[in-house]
1. Would you confirm, using the coordinates I've provided, whether residue 90 is over 30 Å from residue 74 (Cα atoms) and at pLDDT 70 or above?
2. Against the definition (in contact with a helix residue (DSSP H, G or I) (Cβ under 9 Å, 6 or more places away or on another chain) and either within 18 Å of residue 6 (Cβ to Cβ) or without any contact (Cβ under 8 Å) to a residue 40 or more places away in the chain (or both)), how does residue 29 come out, yes or no?
3. So which residues in segment 83-111 are within 14 Å of the chain's Cα centre (by Cα) and either without any contact (Cβ under 8 Å) to a residue 12 or more places away in the chain or on the phi > 0 side of the Ramachandran plot (or both)?
4. Got a sec? Which of 80, 47 is out of contact with any strand residue (DSSP E or B) (no Cβ under 9 Å at 6 or more places or on another chain) and in a loop (DSSP other than H, G, I, E, B)?
5. Return the only residue of 56, 22 being assigned to a helix (DSSP H, G or I) and surrounded by 16 or more Cβ atoms within 10 Å (Cβ to Cβ).
6. Which number in (1) farther than 27 Å from residue 76 by Cα; (2) buried (at least 16 other Cβ atoms within 10 Å of the Cβ) marks the one condition that residue 33 misses?
């Protein structure tokens, strides 16, 4: 195996790991499982760093800056030969990761909107009716011993 194919193999494995993590994240987001999401944060950071390292290695092989697009790298790596199977796998996985990341972003946005709406309802209830006390418990409106004002 040549250096390019070796690098592509390692990059594809790192990308595969990242995709699996995105899929786990999607399940947790859909289930609104915030505990599982919290667990995935560290794993995601570690997995993303490993992926970034492999991407940089591929970019270094081409002599191009690390922030080049997939198409730019393809043109540089395969200017005179057809793309290898390792590259074709990489392209498929990149598109899958992009799609999953977009879906997860939409799920996060929807969850944030629901949370914001719930907070607004609670804030309106507190301001308009005084139902909840500062401790988050219901106020006791039935108590006749409540003092409304003092001199």
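1. On the way: over 30 Å from residue 74 (Cα atoms): no; at pLDDT 70 or above: yes.
Against the criterion (over 30 Å from residue 74 (Cα atoms) and at pLDDT 70 or above), residue 90 does not qualify.
2. Values: in contact with a helix residue (DSSP H, G or I) (Cβ under 9 Å, 6 or more places away or on another chain): yes; either within 18 Å of residue 6 (Cβ to Cβ) or without any contact (Cβ under 8 Å) to a residue 40 or more places away in the chain (or both): no.
Criteria not met by residue 29.
3. Residues satisfying the conditions are 98, 99, 102, 105, 106, 109, 110.
4. Details: 47 fails: in a loop (DSSP other than H, G, I, E, B).
Criteria check complete, one pass: 80.
5. Numbers: 56 fails: surrounded by 16 or more Cβ atoms within 10 Å (Cβ to Cβ).
Checking each option against the conditions leaves just 22.
6. If we test residue 33 against (1) farther than 27 Å from residue 76 by Cα; (2) buried (at least 16 other Cβ atoms within 10 Å of the Cβ), just (2) comes out false.
The values are calculated or read from the model by the stated rules, or taken from the named source; none is laboratory data. No experiment lies behind these values; they were computed from the predicted model shown. Cβ sites come from the backbone with ideal geometry, for glycine too, and all protein chains shown count toward neighbours.
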